[in-house]
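The values are calculated or read from the model by the stated rules, or taken from the named source; none is laboratory data. If you're wondering where the values come from, they're calculated on a predicted model, not measured in any experiment. As a convention, Cβ positions derive from the backbone with ideal geometry for all residues, glycine included, and neighbour counts pool all protein chains shown. With ligands, DNA and RNA removed, areas are computed over all heavy atoms of the protein, side chains included. Shrake-Rupley method; radii C 1.70, N 1.55, O 1.52, S 1.80 Å.
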Amino acid sequence: MVVNTVKSARRLLKDSAAARWTALVLLALMMFFAYMFVDVLSPLKSMLATQMGWDSATFGIYGSSEFFLNVFVLFLIIAGIILDKMGIRFTVVLSGAMMVVGALIKYYALSDTFASSSLAHWLNSWWVTLPASAKLASLGFMIFGSGCEMAGITVSKAIVKWFTGKEMALAMGVEMAIARLGVALVMVTSPRLAKHFTDMGVRAPVLLVLALLCVGFICFIAYTFLDRKLDKQTGETGVEPDEPFRFRDLGKLVTNRPFLIIALLCVLYYSAIFPFQKYAVNMFECNLGMSSTEAGDIFFWFPIGAAIITPFLGNFLDNKGKGASMLMLGAVLMFVCHLVFATVHLNLPIALAAIVLLGISFSLVPASLWPSVPKLVPNAYLGTAYALIFWIQNIGLMSFPIVIGKVLDSTNAPGTSPTELNYTPAMLVFASLGVIAFFLGFWLKMEDRKHHYGLELPNKKK
């Protein structure tokens with residue numbers, strides 16, 4: 001009886017499946033709404049051209065602005081340091097507040113009130129090729145993007161905290177799946193809301209998702225109570241006590257070859273996915289001659305396919321492993337899909353098959369990539385490691401929307417209808433990233449075979 005009492009006393013909150021999965025749901029709901037906001041304007045590219053005067057280059061600059069502060073102000077590195085020094089609770093609240101503030105600015109930028117303001121007049125007086133609405137929307141998106149990426153690394157570290165030695169890859173897969181459902185939902189609802197509320201146009205879906213972000217912020221705050229209770233049980237303060245952050249920790253990371261391979265693979269893969277999301281609906285409009293609503297309905301199956309399969313892949317990784325092999329397979333599938341979009345005369349069945357296959361690819365890589373990071377770096381600066389990966393990733397995510405916008409403008413005659421653009425060169429750019437990602441995945445597998453990092457081993461302890 002004494003033994004049983006001791007075992008019971010040592011049982012932590014995270015040992016309860018209900019408690020740790022409740023924590024995950026609270027975190028994932030905010031990421032669900034955040035992913036909705038990231039792509040709320042993505043299916044409205046042609047409407048932004050007619051309603052707001054945004055050409056492809058403007059749309060590309062707006063899309064890249066989400067990552068500007070993360071790249072040039074090194075905000076993600078700072079976010080990682082804040083996470084390691086201040087802990088998960090502080091960082092999760094700060095990131096949520098930043099997302100809400102950035103979203104408010106973006107909504108105001110698209111409003112009639114702003115369009116008639118002296119601020120809009122001043123913003124139109126310089127860099128005249130970029131509309132004032134795009135300038136201010138980009139500022140809001142910068143702030144939102146910084147908060148969103150900070151939330152991403154914080155949620156990743158929180159999952160490690162609650163699920164280490166348990167269903168970690170499954171938990172990361174479920175979190176990603178829930179977030180991607182947000183992309184799916186916004187792709188089908190955003191065009192419909194913009195068309196239904198004709199007096200508001202593109203502002204209507206932005207306002208709805210802004211309200212949902214506020215709900216998500218409440219979920220983040222609710223999570224902090226669970227986190228505090230767990231820390232009381234373990235006697236921790238919520239920050240890493242093992243080793244204070246030192247800038248030379250960055251040196252340890254950038255000289256860690258498998259870590260760098262993971263980071264480079266991440267930037268190549270995600271640069272072929274997230275920038276594509278911003279242009280995909282317009283690509284289907286142009287290549288299939290359909291409305292933005294119909295095109296959004298096709299793209300809907302990309303995040304849905306990813307959301308359905310990701311938890312199963314996470315469970316497979318927890319119990320069977322093969323993470324490095326999955327990275328390679330995901331890169332191959334990504335290359336094939338983008339090559340189809342670039343070179344094949346699309347019809348509805350081909351488009352649906354390719355977009356679902358791309359969704360499977362989108363499951364293979366993240367589900368195996370993120371659980372691999374704790375196998376390569378010590379927990380004392382795991383937050384900084386995630387931040388460095390996200391920062392390197394953000395360089396690509398910032399650059400490629402601009403690159404694709406420039407490619408579209410340079411390969412299409414001036415004045416071409418926004419629903420009749422030639423997307424072949426742009427899709428070939430995306431496809432080329434898949435080739436490089438495959439070879440990086442192969443290199444990583446060879447490194448794992450040589451040094452035994454455990455990337456091909458199950459995550460779950462027997």
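At a glance:
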quantity	calculated
Single condition SER146 does not satisfy, out of (1) of a type in the set (Gly, Ala, Ser); (2) open to solvent by less than 10 Å² (accessible area, probe 1.4 Å); (3) free of Cβ contacts under 8 Å to residues at least 40 places away in the same chain	(3)
Subset of segment 161-174 [open to solvent by 10 Å² or more (accessible area, probe 1.4 Å) and either touching a strand residue (DSSP E or B) at 6+ places or on another chain (Cβ under 7 Å) or aliphatic (A, V, I, L, M) (or both)]	MET168, LEU170, VAL174
When residues of segment 413-424 are limited to those that are open to solvent by less than 60 Å² (accessible area, probe 1.4 Å) and touching a residue at least 60 places away in the same chain (Cβ under 8 Å), the one farthest from GLN51 (Cα to Cα)	THR424
Helices (runs of 4 or more DSSP H) enclosed by segment 17-123 - at least 3 residues per element that are touching a residue at least 24 places away in the same chain (Cβ under 8 Å)	17-38, 45-51, 56-65, 68-72, 75-86, 88-109
ALA380 vs. criteria open to solvent by 10 Å² or more (accessible area, probe 1.4 Å), among the small types (Gly, Ala, Ser), in a helix (DSSP H, G or I) and more than 26 Å from MET142 (Cβ to Cβ)	yes
Enumeration of residues in segment 80-112 that are among the charged types (D, E, K, R), over 19 Å from TYR62 (Cα atoms) and open to solvent by less than 20 Å² (accessible area, probe 1.4 Å)	ASP84
Selection within segment 175-200 - surrounded by 23 or more Cβ atoms within 10 Å (Cβ to Cβ) and either of a type outside the set (S, T, N, Q) or in a loop (DSSP other than H, G, I, E, B) (or both)	GLU175, MET176, ALA177, ALA179, ARG180, GLY182, VAL183, ALA184, VAL186, MET187, PRO191, ALA194
Test for ALA158: is it closer than 25 Å to MET86 by Cα, of a type in the set (Gly, Ala, Ser) and touching an Asp or Glu at 6+ places or on another chain (Cβ under 9 Å)	yes
Test result for VAL429, hydrophobic (A, V, I, L, M, F, W, C), in contact (Cβ under 8 Å) with a residue 12 or more places away in the chain and crowded, with 24+ Cβ neighbours inside 10 Å	no
Lone qualifier among ILE355, ILE309, ILE350, ILE298 - being of a type in the set (Val, Ile, Thr), assigned by the TED database to the domain that holds SER417 and touching a Cys at 6+ places or on another chain (Cβ under 8 Å)	ILE355
Selection from segment 305-317 of residues that are at pLDDT below 75 and farther than 23 Å from ILE355 by Cβ	LEU317
Within segment 330-346, considering residues that are β-branched (Val, Ile, Thr) and within 10 Å of ALA431 (Cα to Cα), the one modelled with the lowest pLDDT	VAL332
Single residue of segment 270-291 satisfying the filter (aromatic (Phe, Trp, Tyr) and within 12 Å of the chain's Cα centre (by Cα)) that is most open to solvent (accessible area, probe 1.4 Å)	PHE274
Yes/no for ARG246 being modelled with pLDDT under 90, basic (Lys, Arg) and open to solvent by 10 Å² or more (accessible area, probe 1.4 Å)	yes
